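Asker: Handing you a structure now.
The values are calculated or read from the model by the stated rules, or taken from the named source; none is laboratory data. All values reported here derive from a predicted model rather than from experimental measurement. A quick note on method: Cβ atoms are made from the backbone with ideal geometry, for glycine too, and the neighbour counts reach across all protein chains shown.
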Amino acid sequence: MLEKLFKLKENNTTVKTEVLAGITTFMTMAYILAVNPSILAAAGMDQGAVFTATALAACLGTMLMAIFANYPFALAPGMGLNAYFAYTVVIGMGYSWQIALAAVFVEGLVFIVLSVTNVREAIFNAIPMNLKSAVSVGIGLFIAFVGLQNAHIVVGGSTLLQLFSVEAYNKANGVEASFNNVGITVILALAGIIITGILVVKNIKGNILWGILITWGLGIICQFAGLYVPNPDLGFYSLLPDFSKGLSIPSLAPIFGKLQFKGIFSVDFIVILFAFLFVDLFDTIGTLVGVSAKADMLDKEGRLPHIKGALLADAVATTFGAILGTSTTTTFVESASGVSEGGRTGLTAVTTAILFGLSLFLSPIFLAIPSFATAPALVIVGLYMLSNVTNINFTDMSEAIPAYVCIIAMPFFYSISEGISMGVIAYVVINLITEEAKEKKISALMYVLAILFILKYIFL
């Protein structure tokens, strides 16, 4: 049955491997169940309802990825897009969250049209192979950086960023934390990186997942020993699951279907819509390219088979996610953790989707996993993604320089889409001026993309 549905033998994988990969992907993504509600709550939305919407959107989107494309990629409301939703559109521009949801809904509909008409696929296929490898490397550095930040190993300081110290952390965040909350979590995260690294070297099956669980377990021991002292006011919560409210599912009623289309034809609304479209489009493409390259799913021409299905899953999930009451649902780069565990088919995605569904009932357990426990996974996965740097042709500087620009832009500008934008612009401009473009037969779409990206930086 499973073999027929997911073609496991054809993809050189097994049920056990796929399930383990799905669990791993879920564990590295579970933080979104806690983070997304807190961010959207800043926009005035009901936190419990957003939790339910987040879990349902992730479950639906990831299941669609399995059905439409048979790929091991997971979807959930995206980081960055939720911050733009809450802090820019609602708080900054003064729009209601209902109007912001309407923008996400319209974005999803536009994406469906673009996916069905092959526009998104054409964009994906137009990107040169070296640039695709660079995207994978850039994403690796990006998610490693995210992991270091989540663990507070890296904090803001006088040098923009600096190595953790309690004093530096307090200064950067305007708080008065102590060793017994922030300090011990940094030590645990560093221990988690070393433990996960040892498991990887020893080639232990499920090494990343075990790394997460062991790090979390060490944190619980520290809490019992009094080394870790929870301080909710500072964002350091108990590491033990809280069952005081039982296993009931928070109601969707406060946010379900509350889209408001008043003023959608205004210039501001179009700008908001374009911003959602742009970021989601290229974050998704970047993630698909990067993770697919790591899984060796790209063909000889650097194309991803069945990409239409993957893009359509993303688009439909965004549309239904908006109705449920959450920001843009997109393909998660953390899918790379499951791929690194051997996930190659939709069975990985189905496993992840089921766990997102179960999280509705077991939310106290999943929400108890702290960011310092998942951070080591992101750092190690970053290493896996970085390995694709060997596929970049550094002997041809017209290929190497744009790839380099793409790679460094992602972590430095904290955006996958910015890396793609700058990489494409650099590729077209350098090859055009050096007269390499004719020989390489750069696609017309690359020129269009470069122009659009340049216009974006000028006018937005």
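Asker: One residue is enough: does the range 45-52 have a residue meeting the conditions modelled with pLDDT of 85 or more and acidic (Asp, Glu)?
Answerer: yes
Asker: Here is a further query. Is it fair to say Ala83 is at pLDDT 85 or above and of a type in the set (Gly, Ala, Ser)? Can you show your working first?
Answerer: Values: at pLDDT 85 or above: no; of a type in the set (Gly, Ala, Ser): yes.
No: the conditions fail for Ala83.
Asker: Just checking, how many residues over the range 310-320 are of a type in the set (Val, Ile, Thr) and surrounded by fewer than 24 Cβ atoms within 10 Å (Cβ to Cβ)?
Answerer: Residues meeting the conditions: 2.
Asker: Can you tell me which residue among Ile323, Ile270, Ile307, Ile285 is in contact (Cβ under 8 Å) with a residue 12 or more places away in the chain and either surrounded by fewer than 19 Cβ atoms within 10 Å (Cβ to Cβ) or within 16 Å of Leu56 (Cβ to Cβ) (or both)?
Answerer: Criteria check complete, one pass: Ile323.
Asker: Identify, by number, the condition in (1) within 27 Å of Ala42 (Cα to Cα); (2) surrounded by fewer than 19 Cβ atoms within 10 Å (Cβ to Cβ) that Ala74 doesn't meet.
Answerer: (2)
Asker: Please go through the range 402-415 and give me each residue that is within 18 Å of Gly80 (Cβ to Cβ), in a helix (DSSP H, G or I) and either of a type outside the set (Gly, Ala, Ser) or assigned by TED's automatic domain parsing to the domain that holds Val146 (or both), ordered by number.
Answerer: Of everything in the range 402-415, those that are within 18 Å of Gly80 (Cβ to Cβ), in a helix (DSSP H, G or I) and either of a type outside the set (Gly, Ala, Ser) or assigned by TED's automatic domain parsing to the domain that holds Val146 (or both) turn out to be Cys406, Met410, Pro411, Phe412.
Asker: What are the residues in the range 229-244 that are of a type in the set (A, V, I, L, M) and within 13 Å of Asn173 (Cβ to Cβ), if any?
Answerer: Leu234
Asker: Another question, if that's okay. Quick check on Lys258: is it surrounded by 16 or more Cβ atoms within 10 Å (Cβ to Cβ), among the basic types (Lys, Arg) and under 17 Å from the mean Cα position of the chain (by Cα)?
Answerer: Here the answer is no, as Lys258 does not meet what is asked.
Asker: Could you tell me whether the range 198-221 includes any residue that is within 14 Å of Ala373 (Cβ to Cβ) and in contact with a strand residue (DSSP E or B) (Cβ under 8 Å, 6 or more places away or on another chain)?
Answerer: Within the range 198-221 (the criterion being within 14 Å of Ala373 (Cβ to Cβ) and in contact with a strand residue (DSSP E or B) (Cβ under 8 Å, 6 or more places away or on another chain)), the answer is no, since none of the residues qualifies.
Asker: Taking the range 1-58 on its own, how many of its residues are aliphatic (A, V, I, L, M), outside any helix (DSSP H, G or I) and surrounded by fewer than 24 Cβ atoms within 10 Å (Cβ to Cβ)?
Answerer: Step one: filter the range 1-58 for residues aliphatic (A, V, I, L, M), giving 1-2, 5, 8, 15, 19-21, 23, 27, 29-30, 32-35, 39-43, 45, 49-50, 53, 55-58.
Subset that is outside any helix (DSSP H, G or I): 1, 8, 30, 42-43, 45.
Pick out the ones that are also surrounded by fewer than 24 Cβ atoms within 10 Å (Cβ to Cβ) and you get 1, 8, 42-43.
So the count comes out to 4.
Asker: Take the residues in the range 403-460 that are small (Gly, Ala, Ser) and more than 24 Å from the chain's Cα centre (by Cα), then tell me which one is farthest from Ile392 (Cα to Cα).
Answerer: Restricting to residues being small (Gly, Ala, Ser) and more than 24 Å from the chain's Cα centre (by Cα), the top hit is Ala444.
Asker: Mind telling me which of the residues Glu418, Glu435, Glu399 ends up being of a type in the set (Asp, Glu), modelled with pLDDT of 90 or more and either in contact with a His (Cβ under 6 Å, 6 or more places away or on another chain) or outside the structural domain of Lys245 (by TED's automatic domain parsing) (or both)?
Answerer: Answer to the selection: Glu399.
Asker: Test each condition in (1) without any contact (Cβ under 8 Å) to a residue 40 or more places away in the chain; (2) buried (at least 24 other Cβ atoms within 10 Å of the Cβ) for Lys300 and report the one that comes out false.
Answerer: Only one criterion is unmet by Lys300, namely (2).
Asker: I'm checking my understanding of the structure. Among residues of the range 1-40 that are free of Cβ contacts under 8 Å to residues at least 24 places away in the same chain and not basic (Lys, Arg), which one is farthest from Gly338 (Cα to Cα)?
Answerer: Top of the filtered list is Ser38.
Asker: Residues being in contact with a helix residue (DSSP H, G or I) (Cβ under 6 Å, 6 or more places away or on another chain), of a type outside the set (Ser, Thr, Tyr) and part of a helix (DSSP H, G or I): count how many of those fall in the range 321-348. Let's see the steps before the verdict.
Answerer: At the first step, the residues of the range 321-348 found to be in contact with a helix residue (DSSP H, G or I) (Cβ under 6 Å, 6 or more places away or on another chain) are 321-322, 324-343, 345-348.
Going one step further and asking which of them are of a type outside the set (Ser, Thr, Tyr), we end up with 321-322, 324-325, 332-334, 336, 338-339, 341-343, 346-347.
So of that shortlist, the ones also part of a helix (DSSP H, G or I) come out as 321-322, 324, 336, 338-339, 346-347.
Residues that pass the stated criteria total 8.
Asker: Let me ask another. Leu449: assigned to a helix (DSSP H, G or I), surrounded by fewer than 19 Cβ atoms within 10 Å (Cβ to Cβ) and not charged (D, E, K, R), yes or no? Can you show your working first?
Answerer: Working: assigned to a helix (DSSP H, G or I): yes; surrounded by fewer than 19 Cβ atoms within 10 Å (Cβ to Cβ): no; not charged (D, E, K, R): yes.
Criteria not met by Leu449.
Asker: Within the range 104-135, work out how many residues are buried (at least 21 other Cβ atoms within 10 Å of the Cβ) and among the hydroxyl-bearing types (Ser, Thr, Tyr).
Answerer: Residues meeting the conditions: 2.
Asker: Here's a follow-up. Just need a number here: residues in the range 221-242 that are at pLDDT 95 or above and either within 26 Å of the chain's Cα centre (by Cα) or buried (at least 18 other Cβ atoms within 10 Å of the Cβ) (or both).
Answerer: The total comes to 2.
Asker: Are there any pairs, at least 6 apart or on different chains, whose C-beta atoms fall under 7 Å, with the first in the range 97-122 and at pLDDT below 90 and the second buried (at least 22 other Cβ atoms within 10 Å of the Cβ) and not in a helix (DSSP H, G or I), and if so, which?
Answerer: No pair meets every condition.
Asker: Which of the residues that make up the range 312-340 are within 12 Å of the chain's Cα centre (by Cα) and among the hydrophobic types (A, V, I, L, M, F, W, C)?
Answerer: Phe332, Val333, Ala336
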